[in-house]
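Just below is one structure, and these are the notes that go with it.
Derivation of every value follows stated rules applied to the coordinates shown; laboratory data play no part. Note that the structure is a prediction, hence the values are computed from the model and not measured. When we count neighbours, we look across all protein chains shown, and the Cβ atoms used for this are built from the backbone with ideal geometry, even at glycine.
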Amino acid sequence: MATTAVRVRNVAKQFHIGGVQAPYKTLRESLSGALIAPVKRATNLIRGRATGAADLDKSFWALNDVSFDVAPGEIVGIIGRNGAGKSTLLKILSRITEPTKGYCEIQGRVGSLLEVGTGFHNELTGRENVYLNGSILGMTRAEINKRFDEIVAFSEVETFLDTPLKHYSSGMQMRLAFSVAAHLEPEILIIDEVLAVGDAAFQKKCLSKMEDVGKQGRTVLFVSHNMPAVTRLCKRCVLLGNGTVIADGPAHHVVGAYLTEGAGTSAAREWPDRSKAPGGDVGRLRAVRITNEDGKVADSVDIRRPFFVEMDYEISQGGYVLLPHFSFYNEEGIKVFVTLDQDKAWRRRPRPAGRYVSRVEIPGNFLSEGTIFVNCNLITIDPQIVVFSELQVVAFQVIDQPGADTARGDWAGELTGAVRPLLNWNTEYRPEDQEW
Amino acid sequence: MAEAAERTVKYIRIEPTKGWARIGFRNLYEFRGLLYFLVWRDIKVRYKQTVMGAAWAVIQPFFMMVVFSIFFGRLAKIPSDGIPYPLFTFAALVPWTMFATGLSNASNSVVSDSNLVKKVYFPRLLMPISAVLASVVDFVIAFTVLVLMGFYYGMAPTTAVFWLPLLVLLALVTSMGVAFWLGAMNVQFRDVRYTIPFLVQFWMFATPIAYPSSLIEDTTIRMVYAINPMVGVVEGFRWALLGSGTAPGPMILVSAITAIILFVTGAFYFRRLERSFADVV
């Protein structure tokens, strides 16, 4: 076997974009410009100069010196913000566009899915579109014939098979399209964010289909913004930012780094400059941190292990009874829970001025996997004054992997819900009691 | 066992290319299945949601024939080599319509299927090729009508009809050759799209459809005239089907040479511009 399935070396891609041209100063200039420009363009065009044909002088590098290798059978997630170069990279690997510099080597049959339902035609029936789309994705007619029933069964649109696509609901179109794509069986699969289709039930089906693909030992390159899906499906991740590789390594580390790189939502946040710190006359927030059992700041936490959230603050006006509290939101924006400081030592007790660190332990096997954002608040109780209230001040990633000591157990598929507690189950076997 | 598997593994190297590229016939052949489906799609979709359906393939050239017969045949009294004028002009309009629809659809093919260009890889030459091939179906329908008309006027086809497939091929090669050029240019500048209807009209009058090429008496000039490949096709059709005059052998030869030059240069030009399609379209 070859040792690498995909090799990307120093790949760079430059795009020419229309820049603002210097305005013509005189009528003569603009007239001659208007006459000369088309002639210039036409000459370039006939000489076969593609990019020189349009006079777009401004350019930018969508990718710059990107290198990595993918071993056969590896599932690699490619993540990054919009405009980081993910799609350009996939387009180069799919041979849709050429790199400006560098090269890629691919060993094996490539199937790429940059869009669901490419080439679908509204006037054709569902059946006809399966054949058309299948062949566009690189399947032979024999392969489509062989899988046709499977594809149709998976899509759940059997009854509309001979109806023109234009009478389908958009959800049905998506399902049919994904079904065709899911039955593509290349050695190397390149996928761009196609899981975000259909209703929840269908998405679940798609994710488990993706997991099957991984288990069959095929190489997968997977671009997605769905971080839980990425951490579950991929062992390894490549993080792109501004066209370069920022991080490449184990998925949960890289996903953590991705969140850190985000808009101030890292696992720790500190305000070194007192005057800019949130708060006011009563007190100010110094720092908020997510720490693991070893007391170290942690971008990602194991779903099974407890961890700590702490706020570090300073009270300048003593004499208030304080109520520190955190609220936790998941990536769907759902408030998972709120926790209030219930330390008996300070219950109903006005606090003197000074520095405090309030820490709460969050137990393992409690939160669901995914990104969690934390709001940090401090209020006084009587009178009620908001000392500070910072939204999404820190964020971290809860990582879940199948295992005996998790709520997930051996189930590797999609699991929803805002919390994921590990509860006691008991199943009794009662063969003697058959009475109904 | 493992070694055998390794040898069958497909290896692709993706790197920047410059200048002229090869046509890549092997690659085109590998994607013949897709070519089939693209042609099939074009044919299936063409007359969907129309009342007349495939009758459109006949209606267009038929009404052109009626108009030409009235204005050129009756009023202007243009000679028609001793053949009834309607038949004379229809025999030319049938291959011409195939050429013209093929040419305009193929020149717009890359732009109108831009979503394919941006999302999947396949040899882009398949797009104009399939668009031209799809025009053959219309031709077959119109040709049947032409044969029936021939019988009506009492014209029995001669053995020369065996040349027809070659003449059809000549028209297709010309159509593709021009479409390669225009299709590739169209991706860069949409001006081309607006030029096409004008070009087709101009070309039609430069082709002996409403008049016979025998109007040009000087044989040397007639050879120059045959540089327009459609001259060879149209005159060939009349000769093979209606037995007009002598075999236009030398004219067809000149036409064939231009057609091949157009086709080959067009294919290379298209391949050269192809690499920027996904970025520009």
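Structural remarks
- Estimated purely from DSSP H runs of n ≥ 4, each contributing -39500 (n - 2.57), the mean residue ellipticity at 222 nm for chain B is -22000 deg cm²/dmol once divided by its residues.
- P(r) tail fraction, the range A:62-260 - alpha-carbon pairs more than 28 Å apart, %: 28
- The residues A:Val386, A:Val180, A:Val130, when put in order of fewest to most other Cβ atoms within 10 Å, stand as A:Val386, A:Val130, A:Val180.
- Between the range B:144-165 and the range A:66-101, the C-alpha centres lie 58 angstrom from each other.
- In a simple Cβ point-charge model (Lys, Arg +1; Asp, Glu -1; nothing else charged), the range A:62-260 has a dipole of about 260 debye relative to its Cα centre.
- From the alpha carbon centroid of the range B:104-124 to that of the range A:293-336 is 54 Å.
- Cβ-derived FRET efficiency at R0 30 Å, A:Asn122 paired with B:Phe63, nearest 0.05: 0.50
- Result for chain A in a Gaussian network model with C-alpha springs under 10 Å: among A:Ser266, A:Ser316, A:Ser368, the largest mean-square fluctuation is at A:Ser316.
- Whole-angstrom Cα spans of chain A along principal axes, big to small: 91, 84, 47
- Classification of the range A:326-436 by its C-alpha gyration tensor yields a prolate form. The axis ratio a/c (a ≥ b ≥ c) is 1.5 or more, and a/b outweighs b/c.
- GNM remark for chain B: springs join alpha carbons under 10 Å apart, and the peak mean-square fluctuation among B:Thr50, B:Thr97, B:Thr158 falls on B:Thr50.
- When the helices of chain A are scored as -39500 (n - 2.57) per DSSP H run of n ≥ 4 and the total is divided over every residue, the value at 222 nm lands at -7500 deg cm²/dmol.
- Gain upon complete extension [A:Ile36, A:Ser208; 0.36 nm per residue less C-alpha separation]: 56.0 nm
- Added length on full extension, which subtracts the Cα-Cα distance from 0.36 nm per residue, A:Lys58 to A:Ala418: 124.9 nm
- For A:Ala247, the amide hydrogen comes within under 5 Å of the amide hydrogens of A:Leu239, counting only partners 5 or more places away or on other chains and with H modelled in the peptide plane.
- Entries in A:Lys58/B:Lys18; A:Lys146/B:Lys48; A:Lys86/A:Lys204; A:Lys13/A:Lys91 that, when Cα-Cα distance is taken, lie over 19 Å: A:Lys58/B:Lys18; A:Lys146/B:Lys48; A:Lys86/A:Lys204
- Residue by residue, the range A:388-397 carries 3J(HN,Hα) couplings of 8, 8, 9, 8, 6, 6, 9, 8, 8, 10 Hz when phi is fed to the Karplus relation 6.51 cos²θ - 1.76 cosθ + 1.60 (θ = phi - 60°); x denotes Gly or Pro.
- Neighbour cut-off at most 11 other Cβ (10 Å), DSSP loop, trypsin sites (Lys or Arg not before Pro), the range B:1-109: B:Lys18, B:Arg22, B:Lys77
- Residues A:Asp410, A:Asp400, arranged from fewest to most other Cβ atoms within 10 angstrom of their Cβ, appear as A:Asp410, A:Asp400.
- Among A:Asp312, A:Asp192, sorting on how many other beta-carbon atoms sit within 10 Å of each Cβ, with the fewest leading, yields A:Asp312, A:Asp192.
- Isotropic mean projected area of the C-alpha convex hull, the range A:268-399 (nm²): 7.9
- Cα-based shape type of the range A:138-195, given that a ≥ b ≥ c are square roots of the gyration tensor eigenvalues and the cut on a/c is 1.5: oblate
- For chain B, complete DSSP H runs whose alpha carbons reach 24 Å or more along their own long axis and whose mean Kyte-Doolittle score is -1.0 or higher are B:85-107, B:126-152, B:164-188, B:249-274.
- Among B:Ala226, B:Ala55, B:Ala76: highest mean-square fluctuation, GNM of chain B, C-alpha pairs under 10 Å: B:Ala76
- Spin-label model distance (nm) - B:Val136 vs A:Glu270, 7 Å beyond Cα toward Cβ: 7.5
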